[in-house]
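Okay, so here's the structure we're looking at.
Read the figures in this text as sums done on the coordinates, not as results from a lab. In this text, all values refer to a predicted model and were calculated from it rather than measured experimentally.
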């Protein structure tokens with residue numbers, strides 16, 4: 001997928017993605033891939049940090065979160081909390097230790113390790129689905 005292909009799918013509006021990942025290298029790779037596709041990217045290294053970003057009023061179109069992270073709660077709890085407050089917000093969960101069935105509360109699931117292209121395809125799919133609803 002190239003940037004030229006991605007832009008029409010965004011319906012002329014930049015989409016904001018909150019990436020929640022404690023592993024800096026993994027976060028760097030996926031955030032760069034998202035930025036190359038024209039997304040505005042906000043980064044968080046923990047679920048608590050992500051919750052603070054969202055509480056600040058920053059508008060995001062999708063949350064992409066790892067499950068297992070240090071802190072008082074994990075990515076699954078973040079997804080559950082977001083479902084209660086913003087049921088329309090797509091939450092894509094990724095994990096190397098969990099399967100799809102364990103991602104309760106998430107809109108989508110991506111198994112680690114993943115290729116950035118696979119993550120991008122799923123993110124575009126979730127954003128298009130949200131736009132159609």
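The list [x] 16.5, 57; [y] 14.9, 46; [z] 13.6, 41 gives values of Rg and Dmax of the Cα atoms in Å, and only one came from this structure; which label was calculated from it?
The calculated read-out lines up with [z].
For the range 113-127 and the range 39-55, write down the distance between their C-alpha centroids in whole Å.
A separation of 19 Å, based on Cα centres.
In the chain, what % of DSSP beta bridges are antiparallel (nearest 5)?
In the chain, DSSP labels about 0 percent of beta bridges as antiparallel.
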